[in-house]
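Here's the structure we're looking at; comments come further down.
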Amino acid sequence: MQDRPTAAELLETIADLLEGDLLAATQGPLRHPVRVAGNLCRILEREARLGPSQEHREQQLLRELLQRADGEPTELNAALDQALAAGDDATLEPRALPVLVEIVRGKLAIAKPGHDAYRGEPADDDVPGAGTR
Amino acid sequence: MSASDPLQAGLGRALGEVWGEAPAIENLQIASAGARRRNVLFDAVRGAERVPLVATIIPNPAMQVMDVEVEVAGLRLAQEQGMPVPHVHGVWADRSYVGGPFFISERVEGETIPRQVLRLVEAEPSLGPKLATQCGHALGRLHAADPAKAHPGLNRPPAGRSIFDHALEGAEALIRELLQPSPSFRLGLRWLERHTPSRPDRLAVLHGDFRNGNLIVGPDGLRAALDWEVGHVGDPMEDLGWLCMRMWRFRNDDLEVGGFGSRRELRAGYEAGGGSWRADAFHWWKTLSTLRWGLGLAGQAKAHLDGSVPSIIMAASGRRVAELEYDLLMLLQGPAPAGETGS
């Protein structure tokens, strides 16, 4: 076990440096990459804290959806992708949709918190959907 | 950044050909210097007259998406149709003037950066609806053009095939190239395959990238549409779906058109401009655009990882893929009736 600060604490410190003093001292075309680097450290800081539980939840959800007793997320995602591509099970798509929404929201909690405040398009009269097949 | 003499001389020589006498070139300023395109701002001075202009230069023709002649033909066609675009003074494929193919156009003042555009709209609330209506009208005018009149070099879908199948095959090819499978993108592709919309009465000349970020906007509204290099012939609703992607709203999620206007305003303008709105195709193309954008981000991460374009910006794109997965899933479940995404 490593000593404090933890990975998350260090990443937060690096992000503070990048977005604070370093950005202030940077001119011209390097400003954008420095800002991006700071944001990537924020993402990795959240990943260090939330990643393990997010991945565990993803694995659990995919196992339930695919009715499997085991399998890692990488392999389960590939299996789901193939099953959707094959299209043999007509019930899979409606069952997969809410599961994928939950998994992607878990990813967004790390990659971009708040992005999932949006819940789809306005349902005005012109919105299609029905009768488009 | 020195105002290089060869550049000045080349621009003067080029304008001399179209104007009859070579103007003096002053206030040369490199506005953007990407790998693919350079935008150079300058004034052309003839006696007492000072004309503010922009030169769009392709430094490396191997990297150009579209020949400058084809791009300029699109701009000129749009202008003939009455769509607001910068007037083009001339186009030169010959590299001897400024080191690469280029064209010189009118410099239209106004905001192009999306957040600045949205700031203008905040300052003047009537501007948002007006802008959305003007965007619709501009696209309606463009789409009213006869594609047979467009430059022969413009990209066209293969004859005798469904434009929808053609577009879906392109997306599927990108899905096959993903470094890791995305069940969300796959689900989106499946939905698109089963919900191909009504066919357009006829194909149209499309701008291809008409969105907040490629518009010049002033307090009076839409002044010009920029960046014609991905123009092509296709379903006119493709331009409208692309414009309304969530990605171009810059957090104003409720305002479907670029974060400044509503679909109702856009549609009213489009129909007034001569366009024919198809709701099913609008939703379909918006959904496909979202999928394509997500696949594009994944492709950028791949280009970083395989060493072809090493860049922290490209690397960061990989961690943005989830945003597009989410937007896509919301479109699939969105306002459609329950059970729509199944069966």
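Quick one: compute the contact order of chain B, relative version, from alpha carbon pairs under 8 angstrom and 6+ residues apart, as a percent. Don't skip to the answer; put the middle values down first.
On the way: 621 pairs, mean separation 55.6, N = 343.
Across chain B, relative contact order equals 16 percent.
In a Debye calculation with equal point scatterers on the alpha-carbon sites of segment A:11-63 and no solvent, what is log10 I(q)/I(0) at q = 0.20, 0.25 Å⁻¹?
For segment A:11-63 at q = 0.20, 0.25 Å⁻¹, log10 I(q)/I(0) is -0.67, -0.85.
What are the extents of the Cα atoms of segment B:65-177 along their three principal axes, listed from largest to smallest and rounded to whole Å?
Result, largest extent first: 47, 41, 33 Å.
Average partner chain C-beta neighbours within 10 Å, per residue of A:102-114? Walk me through the numbers on the way to the answer.
Working: counts 0, 5, 13, 3, 1, 7, 4, 1, 2, 8, 5, 0, 1.
That works out to 4 on average.
If you count, for every residue in B:246-259, the Cβ atoms of partner chains within 10 Å of its Cβ, what is the mean? Provide the component values of the computation, followed by the final result.
Details: counts 4, 0, 0, 1, 0, 4, 0, 7, 3, 1, 3, 0, 0, 0.
That average works out to 2.
May I ask you to give the solvent-accessible area per residue for chain B, in square angstrom, as obtained with a 1.4 angstrom probe?
Spelled out: the 1.4 Å probe surface of chain B, per residue, equals 41 Å².
Compute the Rg/Rh shape ratio of the protein assembly as shown: radius of gyration over Kirkwood radius, all on alpha-carbon atoms.
Numbers: Rg = 24.3 Å, Rh = 24.5 Å.
On the Cα set of the protein assembly as shown, Rg over Rh gives 0.99.
Amide H to amide H, which residues 5 or more places from residue B:261 or on other chains are under 5 Å from it, using H placed in the peptide plane?
Amide H to amide H, under 5 Å and 5 or more residues apart or across chains, residue B:261 pairs with B:256.
Going by amide H atoms built from the backbone, whose H comes under 5 Å of the H on residue B:227, apart from near neighbours?
Amide H neighbours of residue B:227, under 5 Å, 5+ apart: none.
With N denoting the number of residues in chain A, provide Rg(C-alpha) divided by 2.2 N^0.38 Å, to two decimal places. Could you put the intermediate results ahead of the total?
On the way: Rg = 20.3 Å, N = 133, 2.2 N^0.38 = 14.1 Å.
The reported ratio for this selection is 1.44.
Could you check how much of the accessible area of segment A:79-120 is carbon and sulfur, as a whole percent, using a 1.4 Å probe?
On the way: 1010 of 1850 Å².
The computed percentage sits at 55.
Quick check for me: using +1 on Lys/Arg Cβ and -1 on Asp/Glu Cβ, what's the dipole size of segment B:114-333 about its Cα centre, in debye to the nearest 20? Mind dumping the intermediate values first?
Working: 27 positive and 26 negative charges, 18 e Å.
Computed charge dipole of segment B:114-333: roughly 80 debye.
Using the Kirkwood radius built from alpha carbon pairs, what does the Stokes-Einstein equation give as D for segment B:114-333 at 37 °C and 0.692 mPa s, in µm² per second? Please report the intermediate quantities before stating the final value.
Numbers: Rh = 18.1 Å.
Here the translational diffusion coefficient equals 182 µm²/s.
Take peptides A:7-19, A:35-47 and line them up by average Cβ neighbours within 10 Å, highest first, as a rough protection proxy. Please list the in-between numbers first.
Details: A:7-19: 16.5, A:35-47: 18.8.
Descending mean neighbour count gives A:35-47, A:7-19.
Report the accessible surface area buried between chains B and A, summing both sides, using a 1.4 Å probe on protein heavy atoms only, in Å² rounded to the nearest 100.
Details: alone 16100 and 9840 Å², together 21780 Å².
Chains B and A together bury roughly 4200 Å² of accessible area.
Could you give each residue of segment B:202-212 its phi-based ³J(HN,Hα) in whole Hz, using Karplus coefficients 6.51, -1.76, 1.60 with θ = phi - 60°, and x for Gly or Pro?
Per residue, the Karplus-derived 3J(HN,Hα) values read 7, 6, 9, 7, 10, 5, x, 8, 8, 6, 4 Hz.
How large is ³J(HN,Hα), in whole Hz, for each residue of segment B:95-103 in order, when computed from phi with the Karplus curve 6.51 cos²θ - 1.76 cosθ + 1.60 and θ = phi - 60°, using x for Gly and Pro?
6, 6, 6, 10, x, x, x, 7, 9
What does the structure give for B:186-194 when I average, per residue, the other chain Cβ atoms found within 10 Å of the residue Cβ?
Numbers: counts 10, 9, 2, 2, 6, 2, 0, 1, 4.
Going residue by residue through B:186-194 and averaging, the value is 4.
Which value in nm describes the separation of the simple spin-label points at residue B:202 and residue A:63, placed 7 Å from the Cα toward the beta carbon?
For residue B:202 paired with residue A:63, the spin-label model returns 6.0 nm.
So if each residue of separation counts as 0.36 nm, and I subtract the Cα-Cα distance between residue B:79 and residue B:220, what length gain in nm does that give? Each step should come with its number before you reach the end.
Working: separation 141, 0.36 × 141 = 50.76 nm, distance 1.90 nm.
Working it through step by step, the gained length comes to 48.9 nm.
Tell me, what is the FRET efficiency for residue A:56 and residue B:173 to the nearest 0.05, using R0 = 25 angstrom and their Cβ-Cβ distance as r?
Details: r = 34 Å, r/R0 = 1.35.
In this case the efficiency is close to 0.15.
Applying the Karplus parametrisation 6.51 cos²θ - 1.76 cosθ + 1.60 with θ = phi - 60° to the phi angles of segment B:290-304, what ³J(HN,Hα) value in whole Hz is obtained for each residue in order, glycine and proline being reported as x?
Karplus-based 3J(HN,Hα) across segment B:290-304 equals 5, 4, 4, 5, x, 5, x, 5, 4, x, 5, 4, 5, 5, 5 Hz.
For a 27 Å ceiling on Cα separation, which of these pairs sit above it: A:112/B:130; A:107/B:286; A:107/B:130?
Working: A:112/B:130 32 Å; A:107/B:286 23 Å; A:107/B:130 38 Å.
In this structure, A:112/B:130; A:107/B:130 lie more than 27 Å apart at Cα.
Residue B:206's amide H: which non-local residues (gap 5+, or another chain) put their own amide H closer than 5 Å, with H modeled 1.01 Å from N in plane and none for Pro or chain starts?
Close amide H contacts, sequence-distant or interchain: B:232, B:233, B:234.
Restricting things to Cα coordinates, could you compute the convex hull volume per residue of segment B:177-301 in Å³?
Values: hull volume 16.5 nm³, N = 125.
Measuring per residue, one finds 132 Å³ for the Cα hull of segment B:177-301.
Please give the per residue accessible area of chain A, computed with a probe of 1.4 Å over protein heavy atoms only, in Å².
59 Å²
First measure r as the distance between the Cβ atoms of residue B:272 and residue B:48, then evaluate 1/(1 + (r/R0)^6) with R0 = 35 Å and state the FRET efficiency to the nearest 0.05.
On the way: r = 40 Å, r/R0 = 1.15.
Approximately 0.30, to the nearest 0.05.
The values are calculated or read from the model by the stated rules, or taken from the named source; none is laboratory data. Because the structure is a prediction, the values reported are computed rather than measured. Methodologically, a virtual Cβ is constructed for each residue, glycine included, from the backbone with ideal geometry; neighbour enumeration extends over all protein chains shown. Just so you know, the surface numbers come from the protein's heavy atoms only, side chains and all, with ligands and any DNA or RNA stripped out. Shrake-Rupley method; radii C 1.70, N 1.55, O 1.52, S 1.80 Å.
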